Amino acid sequence: MKKHLSIGLSAFALAALLSGCGGGATTTTPTSAAPATSAPAESSTSAPAGSAPASTSAAVLSVGQSKAGQIVVAGQGLSVYYFTKNSADSGNSACTGACLTSWPPVTSTTATPTVNGVTGKVGTIPTADGKMQVTINGMPIYYYSKDQTAGDITGQGVGGVWYLVAPSGEMITAPPVP
């Protein structure tokens, strides 16, 4: 009985949280190009420092439209990036220490994150603090701390090593269209 009550209350709390997560007009709009894969409803992502953590039962990763074209977004529609100093399928992140202040990892509470429209292979790797960092095509993904709202893509091309992620998992190296 307690387990059923706990599940019911958790579902109710999640529904209440999601109903308050409306957004204003932005330049990134999630699309529903493909159905979400099944994963536990408690999947969540970490938002950049200073932002409230995002939680969603529909999709941890989805597709948004930006000035750079279709991109992968997470959390509250925030853009995600690859770091070119990482190696695919290495199982670790080259962004450590102070790097993580500007480039927080996208994390999940499950090893099989939920996706909507992302066709690249999605997985996770362990972080130094024991969380699960989301990967696409074996590459860890990150937020940029200066992206504060959905539609921001200010991390694109930073230092010549940070780039947006296409839904296919390809790295977007072209500059955004003005």
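The numbers here are math on the coordinates, done by the rules we state, and not lab data. All of these numbers come straight from a predicted model, not from anything done at the bench. Don't worry about glycine lacking a Cβ; one is built from the backbone with ideal geometry, like all the others, and counts go over all protein chains shown.
Inter-label distance, A174 to S90: 2.8 nm, where each label sits 7 Å from its Cα along the C-beta direction.
Taken one residue at a time, the phi angles of the range 80-96 give Karplus couplings (6.51, -1.76, 1.60, θ = phi - 60°) of 10, 10, 9, 10, 5, 7, 7, 10, 4, 6, 7, x, 8, 10, 7, 8, 9 Hz. Gly and Pro are set to x.
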